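FYI, it's all coordinate maths here, none of it is from the lab. The model shown is predicted, which means the values in this text are computed figures rather than measured ones. For neighbour counting, all protein chains shown are included, and Cβ atoms are generated from backbone atoms with ideal geometry for every residue, glycine included.
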Amino acid sequence: MLTEMLPTAPPSVSPAISGRRTLLVCDDEECSRLSLRVVFKDDYQVLLAASGAEAIALVQQHAIDVAILDIRMGGLSGIETLQRLKQADPAIEVIMLTAFETVETARQALRLGACDYQTKPFNLATIRTSVANAIERRSLSDQIRGNTQQLLELQQELDKQKLQEEIVRTRGEIYGSIIHDMNGPLTIISGFVGAINDRIGNSDCVTGEDLELVKDRLRRIIRQLSGCIEISRRYLSFLRERSAPASAQVSVNHLLTDLWELLKFQPGARKHQLCILPLRQDATLNVNGIDVLQILLNLVTNAFQSSPHALRVDLHPEIQHRPLDLGIFVDGVTELFLNREGFANQPPLLALSVADNGPGIPAEILPRIFEPYFTTRAQINGSGLGLAIVQRLVKANRGALHVRTQAGLGSVFTIYLPAAEISADSPR
């Protein structure tokens, strides 16, 4: 292999170190090679190759910016060498030289990625301009690749940052939800413990009615503690598996009784009127009972907190024997329907409606009510998590939720969940 280089820039010196761009001249005529070396030696690091095979070997050893190739050479032709160089480094700019110019040859060279072609004998000014343009194209290409790489790295960093922020946000929501959901049972437990203390706090011996009251309250405390344990298991399952565990069938009327027990001890519920109607014929739900309790508790509590004045809140269950006609639910300034696509719309369905006679939801607020931490109340009066938890649990159980509201007339939140009716002769 014949290789000639400037004495001040040996082959081991890269363009980045020498500060020069590298020009490869490949021609089987020594006179042509040396002439081009003389022309460009003061401007670029020049590598010379007497054949296509030598040129390819040099490209594998050095970072070549621009190559000048003679089209007609022994062994590999200039066109074949062009193809091989582009395969080795698609960014190389290639100028073709030919003493026998034909339109078809020029076209073929350009199709294969050559940026220009010159005829022999070459004009000094023309070949300088051609190489300068090729170097500029290579510089722009390097800048574009560098910028693209920087953008990719920046995008990866942004994606990583977003992922970390999402993990932190999700954990924050989960921790906030745990505290929020635990608050109900813990409030009841606190009330029961207070009632026991008031009744027997100074007694040395507990008998009769006092003993029965203590037993009853302890049973209820144990039930609420079981609810706390179930809530913690649900969230641990969500953190580990990102999916809800299999649920057992639960009685609707039993859930409504438990809900009444929960709400009796809510401090904010005392000034309001609450009416919970049971099903005339009980039914079971094919969802997690704790989830339903949390949904209803949050909806009723949200209704209580919608106004500083005393309200009436009605909870009405109903079994529906036909699939919902989803076409009648149109999102707008007074209505919103959630989980249309994820809803298991197969009868029987249980519709649980929570209606209040409060002030209603303003049109500009309605689209945001299910956002985590969104609240129109002072932070001390609301965490902004209640309705976000409702949305998550409804979706997790393949249910749906419809909101209808009207200014001055109140709001109705209706959830739809998969049910299984109990026959008339089944025990309730």
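At a glance:
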| quantity | calculated |
| --- | --- |
| Globularity index of the range 268-428, i.e. its alpha-carbon radius of gyration over 2.2 N^0.38 Å | 1.03 |
| Qualifying lysines (Cα of each under 27 Å from Cα of Lys120; at least 8 residues distant if same chain) | Lys41, Lys86 |
| Calculated FRET efficiency for the pair Arg322/Leu110, C-beta based, R₀ 60 Å, to 0.05 | 0.30 |
| Inter-label distance, nm, simple model (7 Å from Cα along the C-beta direction), Val330/Glu371 | 2.6 |
| Theoretical gain in end-to-end length, Thr207 to Arg270 [0.36 nm per residue, Cα-Cα removed] | 19.6 nm |
| Packing-based exposure ordering (other Cβ within 10 Å, fewest first) of Thr284, Thr22 | Thr284, Thr22 |
| Ser307-Ala344 FRET efficiency (beta carbon distance; Förster radius 35 Å; 0.05 resolution) | 0.55 |
| Exposure proxy ranking, count of Cβ atoms within 10 Å, fewest first, for Cys275, Cys228 | Cys275, Cys228 |
| Exposure proxy order (Cβ contacts within 10 Å, fewest to most) of Phe413, Phe343 | Phe343, Phe413 |
